[in-house]
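Encoded as structure tokens, the structure appears first; notes follow it.
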Amino acid sequence: KWSVPDAFGMLVDALRWRRDFGVRRLLERGEGAVKRHLWESGKGYFWGHDRQNRLIVVLPARFHDRTKQTIEENMAHTVFLMEIGRRMMLPG
């Protein structure tokens, strides 16, 4: 809605969440920070680019088995995947 104060508040909230979740520590630990079976499950992968040339991340729900990982492990996998995708994005 083009509200600078609202946008600033959302940015601050996002940065706080990243700090509290430990995104930096997760990335410093590398792929080993995520359970191997999550990588092998096909639960998340990159699939080309959209019309604005943004990387597409696919997270098929059918590969989710809630008995095989905790919510925290699942979140670590998703955040790690999104961060790798963010770093792979083209400039602009």
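The values are calculated or read from the model by the stated rules, or taken from the named source; none is laboratory data. Predicted, not measured: the structure shown is a model, and the values here were computed from it. Counting neighbours? That spans all protein chains shown, and the Cβs are built from the backbone with ideal geometry, glycine included. We work out accessible area using only protein heavy atoms, side chains counted, and drop any ligands, DNA or RNA first. Shrake-Rupley method; radii C 1.70, N 1.55, O 1.52, S 1.80 Å.
The table that follows gives values for the structure above.
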| read-out | value |
| --- | --- |
| P(r) of the stretch 19-70 over all Cα-Cα pairs, binned every 10 Å from zero, in whole percent | 20, 37, 38, 4 |
| Accessible area (Å², per residue) of the stretch 1-44, counting only protein heavy atoms and a probe of 1.4 Å | 85 Å² |
| Computed label-point distance, nm, for sites Glu73 and Glu40 using a 7 Å Cα→Cβ extension | 1.2 nm |
| Ratio Rg/Rh, restricted to the chain and using Cα atoms, in which Rh is the Kirkwood radius | 1.01 |
| Spin-label model distance (nm) - Arg16 vs Val58, 7 Å beyond Cα toward Cβ | 3.7 nm |
| Student exercise, the stretch 1-76 dipole from Lys, Arg, Asp, Glu Cβ charges, in Debye to nearest 20 | 40 debye |
| Residue-averaged 222 nm ellipticity for the chain, from DSSP H runs of 4+ at -39500 (n - 2.57), nearest 500 | -16000 deg cm²/dmol |
| Mean separation of Cα contacts under 8 Å (6+ apart) over length of the chain, as relative contact order % | 28 percent |
